[in-house]
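Participant: Let me give you the structure first, and then I'll get to my questions.
The values are calculated or read from the model by the stated rules, or taken from the named source; none is laboratory data. Keep in mind the model is a prediction, meaning the values are calculated, not measured. As a convention, Cβ positions derive from the backbone with ideal geometry for all residues, glycine included, and neighbour counts pool all protein chains shown.
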Amino acid sequence: MPLPSETLLIDALLRGLQRIGRPASIEEQEREVAQVLNLSEADLSEIHEGTRTKLSYRLAWARTYLKSLGLVRPVDRAVWELTEKAAEYTSVADLRAANIEAFDDLFDSASGIEGLDKSAPEQFGEYPLDSVLIRQETRTVFEIVRRIKDERFIMDPDFQRDFIWNLDKQSKLIESMVMRIPLPVFYLAEREDGKTIVVDGLQRLTTFLRFLEDEFVLRDLELAAELNGKSYSQLPPKLQNRLEDTQLILYLIDAKVPEQAKLDIFDRVNGGVPLTRQQMRNSIYCGEATRWLRQAVESEEFVTATAGSLDWRTMRDRECVNRYCAFRLLGSDSYSRGDMDAFLAQVLKIMNRRSADVLPELDLGFRISMRNNYTVFGVHAFRKHRSPSGRRSVINVALFDVFSVLLSCAPEDVVRAKASEIQTAFFTLMDDSVFMDAISYGTNSTKKVRARFDIAESVLGSLLPDVHRARHRKL
């Protein structure tokens, strides 16, 4: 029988190490997992590559994953132990119950997606500290509000949550300014076009703008109760000047900061709900590209092909489409260093620069692809499955990479005529261990990306000659 799912292997490894109760060698771990899962000798001896078994390979991945959650650590060469934190979790069910985000992102069917790879790029190491250019500046509230009105500040990118501060909280902020209480710093990021993105502090800046525009009156103030019921224009000139002259400390992230560093900074300093990488990209590269991504995920073709199952709140839907754009526009052969963040950012820059000549053809191919995939696979489009009547699984982002691109140039009448043959070819991919590995583990690695495109192209090429053009002809 095939080895159990990733979830069961992680569960078995966690349970096995707990049963051993001490640092254990890799061989001991494999024996214990085999007992927990009741694996046969045939299961244990199935080869992945060379002399390495599939069980050995997939348990290595499971150890790396548990290490990323802080649950296991190496103590010697080929010897691992549970950490103190692991005592809190006895099974995968406990990880889900604890709502560990990293676990849910890969394995919780509620997330609507699998195959995302959060590992660092190949050859990434650490970006040079001197390349992380952040400078401090001081500006008055008046200067900042003027820049907001001039649209030099990006105040409403989709990744920022809707304005959620209630009037009490907004009033308290104005009261703090009247009392000259120092405010927390603001984090901003410069874009290459000279505009500025608000990384952390959107709620406060929006409050400044709204109050100076007389959009609300102060209420429920305790230390400056005499100001309750007053708008900005109703304040004495002395207090108006005090508000406008309030000094704000700004930390500006330079536009030349490396992509990975920029995203790391966004991740660390944003004071609200943690943002996904795509939400950050949506802000940094806000423009024609991000507006098209939004239109694409709202299109009838995309919603039908994905059954609306990708989380729009975290922009998982836009991330999938962003990946389609990168592999279709730049080509899988140009993907290198396993750096998906840089790859997705690169294509957004190009789409913003060349929107007039790129977006129409990109849009046409995208809609054709969504219709073609739904024609062939129906509700199973972009999902692992071995039968059209089987249970529907979650969307696999690596499958989306491949099939969204390869079917984007295929004539729709040809796809309809050959739908059954294309489906049969897909099932052969589901039985191909190298292909399955390339869409399941370490999916951002250069080797895995090229492997899945190469294999899928070779299987589909005889049925649809246009798959070669879709993969290799850059727009």
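Participant: For region 48-107, give me every one of the helices (runs of 4 or more DSSP H) that falls completely inside it and has 1 or more residues that are touching a Ser or Thr at 6+ places or on another chain (Cβ under 7 Å) and modelled with pLDDT under 80.
Facilitator: Values: elements: 54-68, 92-97, 101-107.
Result: 92-97, 101-107.
Participant: Can you tell me which of ARG354, ARG337, ARG328, ARG371 is more than 20 Å from the chain's Cα centre (by Cα), more than 18 Å from GLU300 (Cα to Cα) and not polar (S, T, N, Q)?
Facilitator: Values: ARG337 fails: more than 20 Å from the chain's Cα centre (by Cα); ARG328 fails: more than 20 Å from the chain's Cα centre (by Cα); ARG371 fails: more than 18 Å from GLU300 (Cα to Cα).
One residue alone meets the criteria, ARG354.
Participant: Still on this structure, I have one more. Hey, among the residues in region 377-394 that are surrounded by 14 or more Cβ atoms within 10 Å (Cβ to Cβ) and charged (D, E, K, R), which one's farthest from the chain's Cα centre (by Cα)?
Facilitator: Here the answer is ARG392.
Participant: I need the full set of residues from region 418-458 which are among the charged types (D, E, K, R), modelled with pLDDT under 95 and outside any helix (DSSP H, G or I), in order please.
Facilitator: Those that are among the charged types (D, E, K, R), modelled with pLDDT under 95 and outside any helix (DSSP H, G or I): ASP431, ASP432.
Participant: May I pose another question? Looking only at region 412-445, count how many residues are over 19 Å from LEU464 (Cα atoms) and in contact with a Phe, Trp or Tyr (Cβ under 6 Å, 6 or more places away or on another chain).
Facilitator: 1
Participant: Kindly indicate whether any position in region 40-47 is at pLDDT below 80, under 25 Å from GLY115 (Cβ atoms) and either among the hydrophobic types (A, V, I, L, M, F, W, C) or assigned to a helix (DSSP H, G or I) (or both).
Facilitator: Yes, that holds for at least one residue.
Participant: If I ask for residues that are among the hydroxyl-bearing types (Ser, Thr, Tyr) and in a strand (DSSP E or B), which ones from region 174-217 would you list? Please lay out each step first, then the result.
Facilitator: Looking only at region 174-217, we keep the residues that are among the hydroxyl-bearing types (Ser, Thr, Tyr), and these are 176, 187, 196, 206-207.
Scanning region 174-217 gives TYR187, THR196.
Participant: Which pairs do you get when a residue that is surrounded by 21 or more Cβ atoms within 10 Å (Cβ to Cβ), found in region 287-307, comes within reach of a residue that is of a type in the set (Ser, Thr, Tyr), reach meaning Cβ atoms under 6 angstrom, with the pair 6+ apart or on two chains?
Facilitator: As it stands, the answer is ALA305/TYR374, since those pairs meet every condition given.
Participant: Also, quick follow-up: Under 7 Å between Cβ atoms, which residue pairs at least 6 apart in sequence (or on different chains) link something in region 199-216 that is without any contact (Cβ under 8 Å) to a residue 24 or more places away in the chain with a partner that is surrounded by fewer than 17 Cβ atoms within 10 Å (Cβ to Cβ)?
Facilitator: Pairs that qualify, where the first residue is without any contact (Cβ under 8 Å) to a residue 24 or more places away in the chain and the partner is surrounded by fewer than 17 Cβ atoms within 10 Å (Cβ to Cβ), are ASP214/SER231; ASP214/SER233.
Participant: Could you please tell me which pairs satisfy a Cβ distance under 6 Å, a separation of 6+ or placement on different chains, a first residue in region 429-440 that is under 13 Å from ASP454 (Cβ atoms), and a second residue that is modelled with pLDDT under 90 and surrounded by 16 or more Cβ atoms within 10 Å (Cβ to Cβ)?
Facilitator: ILE439/GLY115
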